[in-house]
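Quick notes on the structure that follows.
Values quoted throughout were computed directly from the atomic coordinates according to the rules given, and no laboratory measurement underlies them. As the structure is a prediction and not an experimental result, all values here were calculated from the model. Here the Cβ positions follow ideal geometry from the backbone for every residue, glycine too, while neighbour counts run over all protein chains shown.
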Amino acid sequence: MSESESAGEHPANAGGDTAAATDGERGIRSTADTPRMDAEESLLAVRELDAGYGDLQILYDVHLDVTEGEYVTVVGPNGAGKSTVMKSVFGLATYMSGSITFGGTDITGRNPEEIIHEGLGYVPQNGNVFTSLSVAENLAMGAYILDDVPDEALREVYERFPILDERRDQKAGTMSGGQRQMLAMGRALMLEPDLLLLDEPSAGLAPDLVDEMFDKIDEINESGTAILMVEQNAKEALRRCDRGYVFVQGRNRFVDSGRTLLDDEEVRREFLGG
Amino acid sequence: MGIADTYSDGRRYVVDRPFALVVGLLVILLAVDFVDGLATGRIAVSDVATLVWDGLMQGLVVGLAGIGLSMTYSILNFANFAHGDYITGGAFSGWAVTYLLAGLGRADVGSLLLIGAGGSVFGGALGIGVTATPVAVLGGLVIAGLFAVVLALVIDRLVYRSMRDQEGISLLIASVGVAFALRYLIAFVFTTENRGVTDAGGVPEVRGYLLDGFVTVSAHDATLLVVAVGLMLSVHFLLQRTKLGTAMRAMADNEDLARVTGIPTERVVRATWVIGGALTGVAGYMFVLWKGTIGFNDGWLLLLLVFAAVILGGIGSVYGAIIGGLVIGLTSSLSVLWIPSDFARAAAFLVMILVLIFRPEGLFQGRSTA
């Protein structure tokens, strides 16, 4: 997550309650009938999560679900705690209370080294490739927990991202932003995760690459991998996803299908710039 | 390009980088003096060759010890000042075993294990040398490496591990404390006197005639060369060709990413101490074998050169440590052509400072391990 996010949202949280918090059941407004899911049917189920960094609480009573093969995005203004949700799931934030289950296993408070064994892959926003390692070495590190680099997965990654195949021996540090992003995703896909966590995959990319990136993510999702994505580019993310969450100041605000959220008057006015 | 351009370019250069000019002139002056010395016979070619060889040997020791320092720096992010005393610790443990193996039955075990503290046994009398007592030397070499590994791991567990999340400066200061504790523990056990450990007269030598004099290469020089180069190549192979080595480079590159990728970071840290420690212990043992004497301050004195080499090469870079070691070794050795040998060390540091002025990131840009 970005530095500004953790620094920026503290005063807002400390400052007082939000309208959302008083707005119906746990502050979540469902614009259509998306019933609250049971943990059993969700691949990832986040319940009543409070989390942050050290003593600084960022998330308040957060709920979030991703079912098998689903494409879910989290959008919201700066400092809404979008990245923090993802980091909490992957054991990188400070857990305070609540629960996180993945594939029926309680992963609350576990560290990333353990969580990766459960079938979760994570692509951080910044510094998501080993710059001094070659493309092939980066991908091999993605499969570190296996005894050998899995041929099948490696072939699939190269097929999905032909540019990586062409540049196997190139140092990741000498690649462009878009290529690095693909390498980062490729690295996370080496373990063929059930759920891929993507933190702002379009950040810092040239506009013409953004579409390509989202297309790649669609393809990954279509091949059966569930996606949980945090995005700054809210419109595009909601257009592409199955379901979207809108977060405000560390709390759930809206949840619905991406399409419905896009069409919703209030969401458009407040979060999508009209 | 016209004369005016050349002139203004030159002037700009002088104004912008007066220091470069001074250094350039100095280098030219030394080179002219060197050629003149050779031409007039004031400097003997064979002496130069001897100094180069000597510098190479010293450089190999510094480089070997520097790899461990650089590795731990790149992965743990702190400069371990106790490193010099790991060198000494390795040397003393190894030589205690060498004495024991070489002198068993000829002197009492206590004096042997204390490496003849208080003049009770002499290495010369035991006839220690790589050809005369190969088993004792090999055994000592292995133990030196193993002991330094154990030492590094124990200290990491007791001191550094609980401080892993602290700033580098806290760890650095803790390591200075560890350095003192180790050094005086060694002095307490083995006494503070410097003593000869090899049978200097009994080491086979090859003398070659070179133009105007003899150049001597001893069996101990050759041993150092083989061991050091062999280990350096092994480290290269490890880093570039093995999964563990790649993981070490990955962790040096980006520790947070290494963690989310599933690389077991604590295990990589431990592997780093094991490899760095082994190289350090072996470097200490070889250093003593090569120079023929042992003292409780050896590692500490060497550490300054090791730091110079590692910083010169780009701290964190293993290859930088090797190249830096050779540059430092050759510089301090060759500097005696112009300055008294007491100042040889100063010359080495001068070169380090000069390199850093022109290339502040070090020769290999540091923090990459590769």
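Things worth noting here:
- Surrounding net charge for B:Trp53, when Lys and Arg each add one and Asp and Glu each subtract one, Cβ distance under 13 Å: -3
- Relative contact order of the stretch B:45-358, pairs being alpha-carbon contacts under 8 Å that are 6 or more residues apart, as %: 37
- Partner lysines for A:Lys235 [C-alpha distance under 21 Å; skip if fewer than 8 residues away on the same chain]: A:Lys82, A:Lys216
- Per-pair calculated FRET efficiency, R0 = 35 Å: B:Asp108 and B:Gln240 via Cβ, rounded to 0.05: 0.10
- Highest-first arrangement of B:73-82, B:264-273, where packing means the average Cβ count within 10 Å: B:73-82, B:264-273
- Average partner coverage of B:249-259, which counts Cβ from other chains inside 10 Å: 6
- Here's how it looks for B:Ile43: its modeled amide H is under 5 Å from those of B:Leu38, which are all 5 or more places away or on a different chain.
- Each label was represented as a point 7 Å from its Cα along the Cα-to-Cβ direction; for A:Asn111 and A:Arg269 these points are 4.9 nm apart.
- For A:Tyr122, distant residues with modelled amide H under 5 Å away: A:Leu197
- Taking label points 7 Å from Cα along the Cα-to-Cβ direction, A:Glu159 and A:Leu146 give a separation of 1.4 nm.
- C-alpha center-to-center spacing [the stretch A:210-269, the stretch B:56-129] in angstrom: 63
- Peptides B:141-148, B:255-262 ordered by packing proxy, namely the average of other Cβ atoms within 10 Å per residue, highest first: B:141-148, B:255-262.
- Estimated vicinal HN-Hα couplings, Hz - the stretch B:77-83 in sequence order (Karplus 6.51, -1.76, 1.60; Gly, Pro = x): 6, 8, 8, 8, 6, 7, 4
- Straight-line cross-link reach from B:Lys243 at under 12 Å between alpha-carbon atoms covers these aspartates and glutamates, not counting any fewer than eight positions away in the same chain: A:Glu137, A:Asp147, A:Asp148.
- Per-residue ellipticity at 222 nm computed for chain B from its helices equals -23500 deg cm²/dmol, with DSSP H segments shorter than 4 residues left out and the rest contributing -39,500 (n - 2.57).
- For residues of A:108-116, the mean tally of beta carbons on other chains within 10 Å: 3
- Taking every residue in A:126-137 and counting other chain Cβ atoms within 10 Å of its Cβ, the average works out to 5.
- With the charge dipole of the stretch B:72-224 set up from +1 on Lys and Arg Cβ and -1 on Asp and Glu Cβ about the Cα centre, the Cα lying farthest toward the positive end among the listed residues B:Thr192, B:Leu224, B:Val154 is that of B:Val154.
- Working note: 222 nm ellipticity from helices only, DSSP H runs with n ≥ 4, each -39,500 (n - 2.57), summed and divided by the residues of chain A, gives -10000 deg cm²/dmol to the nearest 500.
- Using Cβ point charges alone (K and R +1, D and E -1), the dipole size of the protein assembly as shown about the Cα centre works out to roughly 2880 debye.
- FRET efficiency estimate (nearest 0.05) - Cβ-Cβ, B:Leu38 to A:Asp208, R0 60 angstrom: 0.40
- Placed amide H near A:Tyr71: partners under 5 Å, 5+ positions off or other chain: A:Ile227, A:Asp242, A:Arg243
- Label-point separation, B:Trp338 to B:Leu153 (7 Å along Cα→Cβ), nm: 4.8
- Using the Karplus relation 6.51 cos²θ - 1.76 cosθ + 1.60 with θ = phi - 60°, the per-residue 3J(HN,Hα) values for the stretch A:231-246 come to 9, 7, 7, 5, 4, 5, 5, 5, 4, 8, 7, 7, 9, x, 10, 10 Hz, with x marking Gly and Pro.
- Average 1/r across all pairs of distinct alpha carbons in chain B, invert it, and you get the Kirkwood radius: 22.0 Å.
- Once the C-beta distance of B:Leu172 and B:Leu233 is scaled by a Förster radius of 41 Å, the resulting FRET efficiency is 0.85 to the nearest 0.05.
- Using θ = phi - 60° and Karplus 6.51 cos²θ - 1.76 cosθ + 1.60, couplings along the stretch B:235-247 (whole Hz; Gly, Pro as x): 5, 4, 4, 4, 5, 8, 10, 10, 5, 4, x, 4, 5
- Chain A: radius of gyration over Cα atoms, expressed as a fraction of 2.2 N^0.38 Å: 0.98
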